[in-house]
Amino acid sequence: MGRAKTIARRTFLIGSAAIAGGVAFGIYKVKTPHQNPLASSLGTGEATFNPFVKITPEAITLITPHADIGQGVVHMQAALIAEELDVEFGQFETDFGAPDPAYWNTALAAEAVPFAAFDEGFGAETMRSVMGGVAKLMGIMGTGGSSSVPDQYEKLRTAGAVARETLKLAASQQTGVAVDALKTANGAVQLPDGTSLAYVDLAEAASGLEPVSDITLRDPSTWRLIGKPMARKDIPAKSTGTQSYGIDLNVDGMVYASTRVNPRRAPMNGYEANGADTMPGVSAIVPVTNGVAVIANSTWRAMNAANQIEFDWAPAPYPAEQDGHWEEVAASFTEERLDKEWRADGDVESALDGAEVIEVEYRAGYVAHQPLEPLGAIVRADEDGAEVWAGHQLPRFLQQKVAAIVGCAAENVIYHNQYSGGSFGHRLEFDNITLATEIAVQMRGTPVKLTLSREEDFVTDYPRQIGMSRSRGMVKDGKVESWSLDIATVSAARSQSGRLGVPVPGPDTQIAAGAWAMAYGIPNLRVRAYAVPELAPTSSWRSVGASTAGFFAESALDELIHAAGADQMEERLRLCNNAVHRKVLEAAAEMSNWGSAMGANQGRGVALVESFGVPVAEVVEVTNTDAGIKIDRVYVAADVGRVIDPVNFENLVQGGVIWALGHAINSEITYSDGMAEQINYYDAEGMRMYQTPEIIVKGLENADKIRGIGEPPVPAGPPALANAIFAATGQRIREMPFNKHIDFV
Amino acid sequence: MQLTINGTSHEIDIEPDTPLLWVLRDEIGLTGTKYGCGVAQCGACTVHVDGEAQRSCQLQIGDLEGAEVTTIEGVGTPEKLSVVQQAWIDHQVAQCGYCQSGQVMQATALLNENDSPTDDDIDEVMSGNLCRCGTYPRIRAAIHDAAAKIKGA
């Protein structure tokens with residue numbers, strides 16, 4: 001039997017008489033519900049059961065509000081609804097939906113609270129619930145933090161079940177057959193005599209009913225979609241060049257624009273057009289914040305002309321040279337900059353006092369996001385509103401940003417989300433949106449299509465946080481006994497939320513994410529996070545804080561275990577104090593046949609990092625060839641509670657490992673003369689086919705809570721690789737990117 | 001000037017230094033070919049010119065008088081998939097999908113030359129095509145599968 005899930009009737013907003021032929025339901029607000037955004041657009045005979053299902057006499061539409069940045073979340077969301085609604089892929093359309101508070105993301109806010117994801121004590125659960133309430137009220141409709149699955153897992157299945165049961169009630173009233181005798185399948189209610197009543201034909205009857213709230217979610221053993229290999233609905237289009245992205249859209253009457261803004265994140269003192277204004281197709285050069293936009297009759301002409309302009313840029317508000325950034329980071333291990341002492345098991349100071357201390361320092365530089373689809377947007381500003389076409393992860397904030405420039409109410413900004421050619425955190429930022437809007441308000445009524453050149457995208461990217469760690473540890477009797485890990489990074493969360501205009505209360509949970517909650521019982525263990533004051537502005541980069549802190553922690557631990565003379569896997573297993581984490585470690589050990597003999601120039605490294613609640617263990621195998629390090633194989637075990645689609649799961653894990661290792665070996669952003677020195681992929685390319693190892697993936701389902709998998713595979717990759725390189729060569733790599741210290745083939 | 005795109009002859013009147021990529025996208029309206037880097041570093045703009053895989057961001061239209069160009073739209077459609085495209089779907093390759101037009105065009109060119117590519121052959125030919133999502137393992141598997149189907153046909 002499935003768990004009974006009854007929604008209290010008082011939490012429903014029952015249909016308004018003002019809506020002809022339609023009925024509106026919303027169950028989503030802290031105490032009283034948000035309005036159902038689908039209700040206002042209903043025609044006669046159309047029904048919407050909740051913010052996620054709309055049925056008209058012509059079509060079934062499932063609303064999938066989370067942004068699809070490549071992770072396949074449109075398909076995932078649709079599958080969750082379809083599982084309970086009993087519709088098949090091909091029988092319905094999907095739509096991102098208009099930005100609306102009804103689509104708030106509870107899981108995202110839950111991650112903002114300062115408790116370990118695995119800490120489910122009363123204090124942690126209460127705080128998560130408070131933060132979830134805040135997110136509801138703010139109406140954050142966001143995609144990020146690998147939160148889509150945890151956010152939608154129950155909500156969307158419930159939405160499907162409510163709609164299904166209401167359609168059955170409509171069929172019962174129409175035919176006189178008792179509800180209990182009705183079944184549903186293939187988008188239809190089935191009568192005992194074999195007759196099928198299509199949902200679309202029941203829409204009108206259902207529109208007059210109160211939604212059935214007394215529903216029971218199905219037992220997982222009866223699922224026909226979830227947990228089975230799926231064929232993502234977007235893949236045929238993406239294999240044939242027919243998937244339309246934001247950059248591909250064409251809006252009638254639009255002009256094309258390309259921007260150049262100060263790469264030093266400061267004002268533009270002036271510019272010399274240098275003939276750009278008279279180049280073919282160019283109609284204007286207009287001012288935007290910190291720079292200009294060239295308006296032309298094609299993207300190429302706009303970009304080409306923008307590159308002719310000579311600029312006088314004001315100096316950067318941060319150190320002009322990279323050394324200055326490192327100096328500031330190194331100077332941040334102070335009492336004043338202590339953001340939070342996250343972990344204090346035992347008494348590490350006393351334990352290390354007078355002991356033989358192993359002291360190591362690690363570094364991780366800035367890294368750009370650079371998804372392959374360059375940022376851009378289409379915006380048309382009208383007198384008292386605007387229309388926007390672009391892929392974005394925070395649609396409600398997007399509306400506010402646009403409205404502020406246009407001078408209209410946020411609800412007058414009509415927003416059309418788009419499939420994105422990647423994000424990795426880049427589409428949490430707004431510059432492409434605000435720049436396009438700044439241009440659009442200078443030519444109201446005309447749609448403006450802004451496309452950044454790759455070079456412009458690189459220099460205006462908000463990279464991952466820069467940081468360092470200082471580790472002091474002590475081993476005794478072949479065991480890791482005492483360890484103090486201090487981590488100092490700039491706060492990407494504060495940098496980002498500063499631009500968003502939403503302050504982050506309390507400590508930044510990300511600086512030491514993936515380190516402080518480590519599932520190791522070390523007698524004396526302390527983890528402290530230090531916040532480096534803002535340098536170059538930074539932002540969330542796939543896996544955020546754990547992408548640096550996980551590297552610092554698991555590499556330094558490797559050094560301690562080595563000093564103890566213990567086996568890297570055995571000692572981690574001995575220290576592991578969480579049953580779910582232990583099982584991923586054991587799985588990785590088994591998959592990799594840990595302990596088996598390797599060649600003379602080969603090495604194996606392991607790392608265990610939790611990211612957004614998902615414990616991930618990775619074992620990397622390398623060969624030290626004459627020409628450099630070859631990454632042979634990576635074994636990954638991750639526990640997400642429940643795997644929604646094993647095919648997409650494997651793809652995302654493999655991609656996460658490739659993302660992590662590619663950037664760890666060869667990518668960083670450095671500043672000189674106040675500007676990013678890397679301006680295209682030849683400077684920071686990530687991994688390519690010839691470097692890609694075999695990646696063997698196992699999804700475990702021991703954890704109680706369901707989690708997302710977009711980011712968690714990333715943090716354990718770099719330390720596992722560095723540890724493998726040490727095993728193969730005896731050389732410790734203590735700085736990302738690794739190619740500053742060792743060659744790769 | 002005249003060139004043939006996916007079997008259709010086009011008269012193009014534009015500055016001769018315009019890259020083929022932008023002619024395809026902004027003038028002809030074939031948006032399956034993607035802009036990624038503009039400097040032949042990513043391969044998202046890969047098309048076939050007279051049968052060979054080329055980076056369309058690096059080809060000036062003025063040099064293409066009389067050329068036969070095939071884009072992703074010309075190798076197959078959702079209704080009539082090429083063998084390579086079918087393999088891409090069977091192996092669920094795409095994530096964001098933005099690079100995949102170029103990957104399919106590069107792989108198609110590889111298989112036109114070599115119906116039994118080894119992993120080393122694939123590395124050599126496909127390493128110029130960036131995939132930021134990291135779908136390389138699936139691309140490799142799809143190419144091997146497509147090769148087997150082409151040989152078996």
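For A:E411, are the conditions met, namely being surrounded by fewer than 24 Cβ atoms within 10 Å (Cβ to Cβ) and among the acidic types (D, E)? Criteria met by A:E411.
Residue check: is A:A553 in a strand (DSSP E or B), assigned by TED's automatic domain parsing to the domain that holds A:I487, at pLDDT 95 or above and crowded, with 24+ Cβ neighbours inside 10 Å? Considered against the rule, which asks whether it is in a strand (DSSP E or B), assigned by TED's automatic domain parsing to the domain that holds A:I487, at pLDDT 95 or above and crowded, with 24+ Cβ neighbours inside 10 Å, A:A553 comes out as no.
The set of residues in the stretch A:648-664 being at the interface with chain B (Cβ under 9 Å from one of its Cβ atoms) and β-branched (V, I, T) consists of A:V657, A:I658. Applying a threshold of 9 Å to beta carbon distances and a minimum spacing of six or more residues, or different chains, the list of pairs starting in the stretch B:51-73 at a residue that is assigned by TED's automatic domain parsing to the domain that holds B:T18 and part of a loop (DSSP other than H, G, I, E, B) and ending at one that is among the aliphatic types (A, V, I, L, M) and modelled with pLDDT under 95 reads B:L64/B:M1; B:E65/B:M1; B:G66/B:M1.
Each row is one residue, and each column tells you yes or no for (1) surrounded by fewer than 18 Cβ atoms within 10 Å (Cβ to Cβ); (2) of a type in the set (D, E, K, R); (3) in contact with an Asp or Glu (Cβ under 9 Å, 6 or more places away or on another chain); (4) farther than 17 Å from A:Q442 by Cβ.
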{"site": "A:V255", "(1), (2), (3), (4)": "no, no, no, no"}
{"site": "A:S258", "(1), (2), (3), (4)": "no, no, yes, no"}
{"site": "A:V261", "(1), (2), (3), (4)": "no, no, yes, no"}
{"site": "A:R265", "(1), (2), (3), (4)": "no, yes, no, yes"}
{"site": "A:N269", "(1), (2), (3), (4)": "yes, no, yes, yes"}
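For the criterion of being surrounded by fewer than 19 Cβ atoms within 10 Å (Cβ to Cβ), over 16 Å from the mean Cα position of the chain (by Cα) and outside the structural domain of B:R140 (by TED's automatic domain parsing), B:E15 passes. Looking only at the stretch A:260-301, which residues are within 14 Å of another protein chain (Cβ to nearest Cβ), touching a residue at least 40 places away in the same chain (Cβ under 8 Å) and among the polar types (S, T, N, Q)? Correct list: A:N297, A:S298, A:T299. The strands (runs of 3 or more DSSP E) located wholly in the stretch A:281-354 that include 2 or more residues which are over 18 Å from A:R264 (Cβ atoms) and not assigned by TED's automatic domain parsing to the domain that holds A:Y671 occupy A:282-288, A:291-296. For the stretch A:236-258, the criterion of being part of a strand (DSSP E or B), away from chain B (no Cβ under 14 Å) and not charged (D, E, K, R) is met by none of the residues.
The residues of the stretch A:665-679 that are part of a loop (DSSP other than H, G, I, E, B), under 23 Å from the mean Cα position of the chain (by Cα) and within 14 Å of chain B (Cβ to nearest Cβ) amount to a single one, A:S667. Only a single criterion out of (1) within 9 Å of chain A (Cβ to nearest Cβ); (2) surrounded by 21 or more Cβ atoms within 10 Å (Cβ to Cβ) is not satisfied by B:G76, namely (2). Just so you know, in the stretch A:414-429 the residues that are surrounded by 20 or more Cβ atoms within 10 Å (Cβ to Cβ) and among the hydrophobic types (A, V, I, L, M, F, W, C) include one that is modelled with the lowest pLDDT, and it is A:L428.
Can you tell me which condition A:E685 does not meet? The list is (1) of a type in the set (D, E); (2) out of contact with any Leu (no Cβ under 9 Å at 6 or more places or on another chain); (3) within 14 Å of another protein chain (Cβ to nearest Cβ), and all the others hold. The number of the failed condition is (2).
Looking across the stretch A:226-235, the residues that are assigned to a loop (DSSP other than H, G, I, E, B) and aliphatic (A, V, I, L, M) come down to A:I226, A:M230, A:A231.
Looking across B:V104, B:V47, B:V84, B:V125, one residue alone is touching a residue at least 12 places away in the same chain (Cβ under 8 Å), of a type in the set (A, V, I, L, M), at the interface with another protein chain (Cβ under 7 Å from one of its Cβ atoms) and not in a loop (DSSP other than H, G, I, E, B). It is B:V104.
So for the stretch A:323-331 (the condition being surrounded by 18 or more Cβ atoms within 10 Å (Cβ to Cβ) and among the aromatic types (F, W, Y)), does at least one residue qualify? No - not one qualifying residue is present in the stretch A:323-331. Checked against (1) farther than 26 Å from A:M230 by Cβ; (2) more than 10 Å from chain A (Cβ to nearest Cβ); (3) aliphatic (A, V, I, L, M); (4) without any contact (Cβ under 8 Å) to a residue 40 or more places away in the chain, B:V39 passes all but a single condition, namely (2).
Residue count for the stretch A:640-661 under the criterion of being at positive phi and either under 18 Å from the mean Cα position of the chain (by Cα) or assigned to a helix (DSSP H, G or I) (or both): the result is 0. Of the residues screened, A:V622 is not one that is within 14 Å of chain B (Cβ to nearest Cβ) and either touching a Cys at 6+ places or on another chain (Cβ under 7 Å) or among the β-branched types (V, I, T) (or both). Per the listing A:A703, A:A716, A:A722, the residue uniquely touching a helix residue (DSSP H, G or I) at 6+ places or on another chain (Cβ under 9 Å), more than 14 Å from every other protein chain (Cβ to nearest Cβ), at pLDDT 95 or above and farther than 19 Å from A:V584 by Cα is A:A722.
Out of the stretch A:360-390, which residues are under 20 Å from A:V544 (Cβ atoms), part of a loop (DSSP other than H, G, I, E, B) and not aliphatic (A, V, I, L, M)? Result: A:G365, A:H369, A:Q370, A:P371.
Does A:I247 qualify as being closer than 28 Å to B:L81 by Cα and among the aliphatic types (A, V, I, L, M)? In short, yes. For the stretch B:128-153, filtered to residues that are within 17 Å of B:C42 (Cβ to Cβ) and in a loop (DSSP other than H, G, I, E, B), the residue that is nearest to the other protein chains (Cβ to nearest Cβ) is B:G134. When the stretch A:259-277 is filtered for residues that are of a type in the set (K, R) and assigned to a strand (DSSP E or B), only A:R260 remains.
The values are calculated or read from the model by the stated rules, or taken from the named source; none is laboratory data. Please read all numbers here as calculations on a predicted model, not as lab measurements. No Cβ is skipped: glycine too gets one built from the backbone with ideal geometry, and neighbour counts run over all protein chains shown.
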